[in-house]
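Here the structure is laid out as structure tokens; the discussion comes afterwards.
Bear in mind that the values in this text are calculations on the coordinates, not laboratory data. All values derive from a computational prediction rather than experimental measurement. No Cβ is skipped: glycine too gets one built from the backbone with ideal geometry, and neighbour counts run over all protein chains shown.
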Amino acid sequence: MVISQTLVQLGIPRLGVATLQEGIALREAGISAPILVMGALFANQFPDMIAHRLTPVVYDREAAAGFAACPRSGPEPYPVHVKVDTGMGRLGLSPDEVLSLLQSPPFRGPLRVEGLMTHLADADSQDPSYTQTQIARFGSVISQLKAAGLQVPLVHAANSAAILCHPSAHFTVVRPGIMLYGYHTTPLGGDALELKPVLTLTTNVVQVRRVAPGESVSYGRTFVASRLSRIAVLPIGYADGYSRALSNRGAVLIAGRRAPVVGRVCMDMTMVDVTDIPTVRPGHEAVLIGRQGDMQITAADLAAWLGTIPYEVLCSIGPRVIRRYSPIPAQAT
Ligand SMILES: Cc1ncc(COP(=O)(O)O)c(C=O)c1O
């Protein structure tokens, strides 16, 4: 929400979200800019979509007809975006269905096609050929609409990777997701634009325990101390998005050094070994994602430990983690 407000203040004219609820939350936070809801669209959501002036993405004839029939207060055509599946294999009309939909009754009065969009399946690949094929298929839909005299003001296809690697996918609007958080989809290598991770996940040590050799830590006794150890307890767990798969695998930064996760990550707590960092005391900051001194742990590091992608790490951070927002440093703007 704060990120959306900041984007609007920076002059971003429109926003995109995945769900109706996200769109409503932004409206309730006072955002009046156009908001495109890009995910699923169910008939029982149409009235809320209209009540909150959210722009739906229409990806089949039934949704277009149903939305067009939904009661509204004003007579003017309601703006929608139409999604074409050019090869993602997810939501969208096939390229040969678009023109006939846009010439059908819902678009001759109740609805206005404000945008045409597609989604790229492989924009971060070293091999550009599939993305080029998708862009060409999208281009042929655009040409068909032009030839039929249909004007679509907003045309969009590019996610973060395409913004960086496929200028021909930029059209009139782009849809950055993960790059807003300073991450690449996958390491793009070489001359890729440098992005700076902006998110930090921290907690504070709640207790430091002395664990004798042979004693264990956490559920299942998967860590047994082999030496007299100092174990710091952190009040964060998998309910906060610090995955249980990081048990005996993850690490955090405390006092400018790396402390390995020991034992199972619990729902609300995680233990780390600070035997080799004797200065650690309750209250000290522990960085799970971010920088401390010269050291850094990124969401990409966690993703590598977990066998997943930074997206999953970032969007797993749970709602009970308190968010604090810092202004963008002047030199970064
Ligand atoms: C339709 C659509 N557009 C844009 C994005 C942003 O993608 P990225 O985070 O890779 O920039 C997504 C992400 O899932 C998406 O589903």
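Points to keep in mind about this one:
- Relative contact order computed over the chain (Cα-Cα under 8 Å; 6+ residues apart), in percent: 10
- Neighbour counts of other Cβ atoms within 10 Å put GLU97, GLU76 in the fewest-to-most order GLU76, GLU97.
- Cut-off 11 Å between beta-carbons: net charge of the residues surrounding ALA33, Lys and Arg +1, Asp and Glu -1: +3
- Exposure proxy shown here: for PHE107, PHE67, PHE42, the number of other Cβ atoms within 10 Å sets the order, fewest to most, as PHE42, PHE107, PHE67.
- If you plug the beta carbon distance of ARG209 and TYR311 into 1/(1 + (r/R0)^6) with R0 = 30 Å, you get a FRET efficiency near 0.30.
- Spread over its residues, the convex hull of the C-alpha atoms of the chain is 162 Å³ per residue.
- Of the trypsin sites (Lys or Arg not before Pro) in the range 78-159, those whose Cβ has at most 14 other Cβ within 10 Å and which sit in DSSP loop: ARG90, ARG108
- Between the range 235-256 and the range 132-206, the Cα center-to-center distance that results, in Å: 31
- Estimated dipole of the range 259-333 in Debye, rounded to 20 [Cβ of Lys and Arg +1, of Asp and Glu -1, Cα centre]: 300
- Cβ crowding within 10 Å averaged over residues, with 280-291, 2-13 ranked highest first: 280-291, 2-13
- Estimated FRET transfer efficiency when R0 is 45 angstrom, pair ASP294-MET267 (beta carbons, to 0.05): 0.90
- The range 22-124 - Debye-derived log10 I(q)/I(0), Cα point model, q = 0.17 Å⁻¹: -0.78
- Cα→Cβ-extended label distance, 7 Å offset, between TYR130 and ALA245, nm: 2.1
- Check: the chain dipole with +1 on Lys, Arg Cβ and -1 on Asp, Glu Cβ, in debye: 840
- Each peptide in 120-127, 176-183, 232-239, 210-217 gets a packing score, the mean of other Cβ atoms within 10 Å over its residues, and the list from highest to lowest is 232-239, 176-183, 120-127, 210-217.
- Normalised by residue number, the volume inside the convex hull of the Cα atoms of the range 2-181 is 116 Å³ per residue.
- Under a 5 Å amide H cut-off, with hydrogens placed 1.01 Å from N, ALA251 pairs with VAL261 among residues at least 5 apart or on other chains.
- Since only SER229, PRO310, THR298 are under comparison, the one whose Cα sits farthest along the positive direction of the charge dipole of the range 201-316, derived from C-beta charges on Lys, Arg, Asp and Glu, is SER229.
- In the frame of its principal axes, the range 258-298 has Cα extents of 29, 25, 17 Å, reported largest first.
- For the range 2-181, the relative contact order is 14 percent, taking Cα pairs closer than 8 Å that sit 6 or more residues apart in sequence and dividing their mean separation by the residue count.
- Projecting the Cα atoms of ILE31, GLN21, HIS52 onto the charge dipole of the range 7-69, computed from C-beta unit charges around the Cα centre, puts ILE31 farthest toward the positive end.
- Difference of contour (0.36 nm per residue) and Cα-Cα distance, LEU180 to SER140: 11.4 nm
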